[in-house]
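A quick write-up on the structure given underneath.
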Amino acid sequence: MKKGSFLLLLALTAVSCGEAPEPSAQVSRLPASNDVDFDTLQVTATAACHCVAEGGDADCWAAYNKSKAIVVERVEAGGGHTGQVGEACAPVSSKQDCFDFSDGEKCISTGFNIVGTARDVCTLDEVEAVETLLDQYPKDRVPSADQLESVFQKVMAGWRPTKKSGGCG
């Protein structure tokens, strides 16, 4: 590295380091997760997911989005990050909203997509049911759209397995 380039890099580093807040100061500004009623927020998200699964529209998410906006505002005001996270996994992928808190990241499940469809199930019990029902199909063939829809309808009607499937994780 040339001497001039090194000095420029050193000068830029000094300027940017002077502007960044101390990590401990940022952490102390974040709210603690126990300041948020995550149980109620999860119940609201699950209810919204079920509302959509039963044929509702985007209005199903209004109550959850209103509560989530308050959490997002508090976290971002404290210098934290929020975002949507998904885990790609077959036959069911998860979706979550995650938030930084002074005591770590916390996430709310917003649904589980049945891969190959636009259909979401909303609880881990429903995921287990989907996985169990899909285990009946040959592993070397992707179930048809009609078969996937049938699985979704059966799970939403309340079908649950008597034994656990292998699942993704």
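Derivation of every value follows stated rules applied to the coordinates shown; laboratory data play no part. Keep in mind the model is a prediction, meaning the values are calculated, not measured. For neighbour counting, all protein chains shown are included, and Cβ atoms are generated from backbone atoms with ideal geometry for every residue, glycine included.
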TODO: Looking only at the stretch 113-132, decide whether some residue is in a loop (DSSP other than H, G, I, E, B), over 23 Å from ARG160 (Cβ atoms) and in contact (Cβ under 8 Å) with a residue 60 or more places away in the chain.
DONE: no
TODO: Among the numbered conditions (1) surrounded by fewer than 19 Cβ atoms within 10 Å (Cβ to Cβ); (2) in contact with a strand residue (DSSP E or B) (Cβ under 8 Å, 6 or more places away or on another chain); (3) not acidic (Asp, Glu), tell me where ALA129 comes up short.
DONE: (1)
- [ ] Find all pairs meeting these conditions: Cβ atoms under 8 angstrom apart; at least six residues apart or on different chains; first residue within the stretch 135-158 and of a type in the set (Lys, Arg); second residue surrounded by 10 or more Cβ atoms within 10 Å (Cβ to Cβ) and outside any loop (DSSP other than H, G, I, E, B).
- [x] LYS154/ALA129; LYS154/LEU133
Task: Sole exception among (1) assigned to a helix (DSSP H, G or I); (2) under 14 Å from the mean Cα position of the chain (by Cα) for LYS95, by number - done: (1)
Open item on the list: Taking the condition of being more than 22 Å from VAL115 (Cα to Cα) and in contact (Cβ under 8 Å) with a residue 60 or more places away in the chain, how many residues in the stretch 42-96 meet it?
Closed with: 1
Open item on the list: ASP140 - would you say it is in contact with a strand residue (DSSP E or B) (Cβ under 9 Å, 6 or more places away or on another chain), among the acidic types (Asp, Glu), farther than 23 Å from MET156 by Cβ and not in a helix (DSSP H, G or I)?
Closed with: no
Open item on the list: Could you check the stretch 63-102 and list, in sequence order, the residues that are of a type in the set (D, E, K, R) and surrounded by fewer than 13 Cβ atoms within 10 Å (Cβ to Cβ)?
Closed with: LYS66, GLU73, GLU87
